[in-house]
Amino acid sequence: MGAPTAAQTRSARVAILDLGQTTTGRLSHDALTKRISANQNIALVDRDQAMAAANGIGYRGSLNLSLQESRDLGSAIGCDFLILGEADTLRRSPSDGPPYFESHISVFIISARTGRLAFWERPETTRATADAAERALLDELSPDLIEGYVKAILRKAQDESTERELAVEQPRVVIEGMSDNSEETVDGTRPPRPFRRLKPVYPEAAARAQIEAVVDVLVDVDEKGEVSRAEIARWAGYGLDESVMSTVKQLHFFPAMRNRLAVPMRVLLRYNFRKPAENPSP
């Protein structure tokens, strides 16, 4: 589906939170703010107002939020979409070449209504000096790139509007939920258990950024032990969410049981991602 037309959209209220306390973070924030505010379909929340609201509920810059935490943050600020992230310039010293400087910005676009991660990206540039790397990164934040962010916001707003309409016409069946590590309850209810646990792939994008994060996923398991639906409940970006979803689709379960009868149930699965250990030098 293409981007919504002007006739299909209203102004989306967007809050851009700080991108870190570094010089690169401040300059990147200014560039994003200037170029996104130029779009007539975006109404930016005042930066000081947004940060005061975020600080007021204890937000400290996490880029690994649950849906509820994301919704709470958006509600406190009073916006439709949040842009979170971090930007920095770092000196790299590879073992097979001369030192260089890397400037990067991680951008996360989150729906304040659903808490879902709508889009993420991590542009980066490398140069011989810190100033050159930083200037190159700011050049990367071009009007065309920012227009892509705006289109992602408007497309997500349209998708969510359609989703709400379908939810009214076809209400979702209520299904009981438990964590997969829950103990059997007094009435004999036991959560579904996977035949075998599969380990999601740690994607290259996460490896490049050296990301450690937790991804939670809510999985509906039917009375036959098959996955009927799955939804990310704590997102992380960097390809980690997609890796988890791909893994979950391969799972088969011993179904949940109640009074010795198989029953459908929603189970919360948690995946902890850690940076792979570096291979020791020979």
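For the stretch 230-282, compute Rh as the Kirkwood radius over C-alpha pairs and then the Stokes-Einstein diffusion coefficient at 10 °C and 1.306 mPa s; write the answer in µm²/s, rounded to an integer. Don't skip to the end; give the middle numbers.
Numbers: Rh = 14.2 Å.
This corresponds to a translational diffusion coefficient of 112 µm²/s.
Once the Cα atoms of helix 67-77 and of the chain are each reduced to a long axis, what angle between those two axes, in degrees from 0 to 90 to the nearest 10, is obtained?
50
Cβ under 12 Å from residue 235's Cβ, residue 235 left aside: what net charge do those residues give with Lys, Arg +1 and Asp, Glu -1? Kindly include the intermediate steps, with their values, before the conclusion.
Working: positive: 116, 234; negative: 69, 216, 231, 241, 242.
Counting the neighbours of residue 235, the net charge comes to -3.
Above 23 Å lies some portion of the pair distances; for the stretch 30-124, what is it as a whole percent of all C-alpha pairs?
Details: 1506 of 4465 pairs.
Counting every Cα pair in the stretch 30-124, those more than 23 Å apart make up 34 percent.
Taking H as built 1.01 Å from N, whose amide H comes closer than 5 Å to the amide H of residue 12, not counting residues under 5 places away?
42, 43
In the Gaussian network model of the chain, springs joining C-alpha atoms below 10 Å, which of 31, 128, 157 carries the largest mean-square fluctuation?
128
Sorted from largest to smallest, which semi-axis lengths in Å does the alpha carbon gyration tensor of the chain give for its equivalent ellipsoid, taking the root of 5 times each eigenvalue?
Values: eigenvalues 271, 141, 50 Å².
Largest first, the chain gives 37, 27, 16 Å.
On C-alpha positions alone, give me the angle between the axis of helix 143-169 and the longest principal axis of the chain, in degrees, nearest 10.
Helix 143-169 and the main axis of the chain meet at about 20 degrees.
With a 1.4 Å probe and every protein chain left in place, work out the accessible area per residue of the chain in Å², rounded to a whole number.
On the way: 15460 Å² over 282 residues.
The answer is 55 Å² per residue.
Rounded to the nearest 10 degrees, what's the angle between the helix 47-56 long axis and the longest principal axis of the chain, both from Cα atoms, 0 to 90?
40
What is the set of long-range amide H partners of residue 65 at a cut-off below 5 Å, with H atoms built 1.01 Å from backbone N?
Excluding prolines and chain starts, which carry no amide H, the hits are 235.
The values are calculated or read from the model by the stated rules, or taken from the named source; none is laboratory data. Note that the structure is predicted; figures quoted are calculated from it, not measured. Cβ atoms come from the backbone with ideal geometry, glycine included; neighbour counts cover every protein chain shown. SASA here: full protein model, heavy atoms, side chains in, ligands and nucleic acids out. Shrake-Rupley method; radii C 1.70, N 1.55, O 1.52, S 1.80 Å.
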